[in-house]
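Structure first, then comments.
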Amino acid sequence: MSRSGSTDPASVRIPDADADQLVGTLRIGSVESVATALLPTLLARFHERHPRVELIVSTARLERLAEGVLDNTLDVLLTMDRKLSIARLERTVLREEPIVFAASLQMAQQIGSVRIDELAGLPLVLTERGESYRHELECLLAERDERLHPVVETGNTETLVHLAEQGVGIAFLPRFSVAHSLRRKSLVELACDIEPISMWIQAFTHEAKPVSRAMAAFMEMLRVHFEYTA
């Protein structure tokens, strides 16, 4: 049982899993941070239950993924952002996720906490410009007529985690992206005086598209997983 009394998702029997075995193809589009940190566990679990369903995963920016769902080249879109409304797509909100500053122990000892009046001068390793949580930082600094000056920027969140672990700079990432590093203490979460920033993990499907049994099973697995891990 989870802390809230929910059943462990690994033990939940999805209705489709009890029927005759599913076949077909499921095309999943995801933003990079979700694909790197969360999708491997979800895909492995789904494949264990439905080994005859072919899983095809694409990563891209949100706008391109939305186009893929609309033109039927993708079945499901996974993203993490503010709560979004996308025309002709049906949204399922899965979980709120905090965005945190994380650094190596040595850098954390040098810097202490993150202060907004020092943010523009900090050595940051960040996602590319325009990504949802980086955009939030840029907006905060824009109100102070300041700009971010990252030492490294890349769309690969795993690279950012490794750079932070090696002391190159401070990462600003979803907590799920740094959770493993925090547990093994290769990174430390930094306190900050900035209003907490959170994003929402969300799934989108085409509102007019018939839902295949594979899609229904995947969406139900998502709901159970994120309910348990909330």
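Return the pairs, sorted by first residue and then second, in which the second residue is at pLDDT below 95 and outside any helix (DSSP H, G or I), the first residue lies in region 22-49 and is farther than 21 Å from residue 206 by Cα and of a type in the set (Lys, Arg), the beta carbons are less than 7 Å apart, and the residues are 6+ apart or on different chains.
So the pair list comes out as 49/14.
May I ask you to verify whether residue 93 is surrounded by fewer than 15 Cβ atoms within 10 Å (Cβ to Cβ), hydrophobic (A, V, I, L, M, F, W, C) and either touching a residue at least 40 places away in the same chain (Cβ under 8 Å) or within 15 Å of residue 157 (Cβ to Cβ) (or both)?
Answer is yes for this residue.
Just for region 62-89: of the residues that are touching a His at 6+ places or on another chain (Cβ under 9 Å) and of a type outside the set (A, V, I, L, M, F, W, C), which one is surrounded by the most Cβ atoms within 10 Å (Cβ to Cβ)?
So, considering only residues that are touching a His at 6+ places or on another chain (Cβ under 9 Å) and of a type outside the set (A, V, I, L, M, F, W, C), the one surrounded by the most Cβ atoms within 10 Å (Cβ to Cβ) is 75.
Which count do you get for residues in region 43-61 that are in a helix (DSSP H, G or I), surrounded by fewer than 21 Cβ atoms within 10 Å (Cβ to Cβ) and in contact with a strand residue (DSSP E or B) (Cβ under 9 Å, 6 or more places away or on another chain)?
Selection size over region 43-61: 2.
Name the residues in region 169-215 that are of a type in the set (A, V, I, L, M, F, W, C), over 15 Å from the mean Cα position of the chain (by Cα) and over 18 Å from residue 139 (Cα atoms), would you?
The answer is 170, 182, 187, 188, 190, 191, 208, 211, 214, 215.
Give me the pairs: first residue in region 112-134 and under 16 Å from residue 196 (Cβ atoms), second residue at pLDDT below 95 and surrounded by 12 or more Cβ atoms within 10 Å (Cβ to Cβ), beta-carbon distance under 6 Å, and six or more apart or on different chains, which are they?
What qualifies is 116/194.
The values are calculated or read from the model by the stated rules, or taken from the named source; none is laboratory data. Since we're looking at a predicted model, the values are computed, not measured. Reconstructed Cβ throughout: ideal geometry from the backbone, glycine too, with neighbour counts over all protein chains shown.
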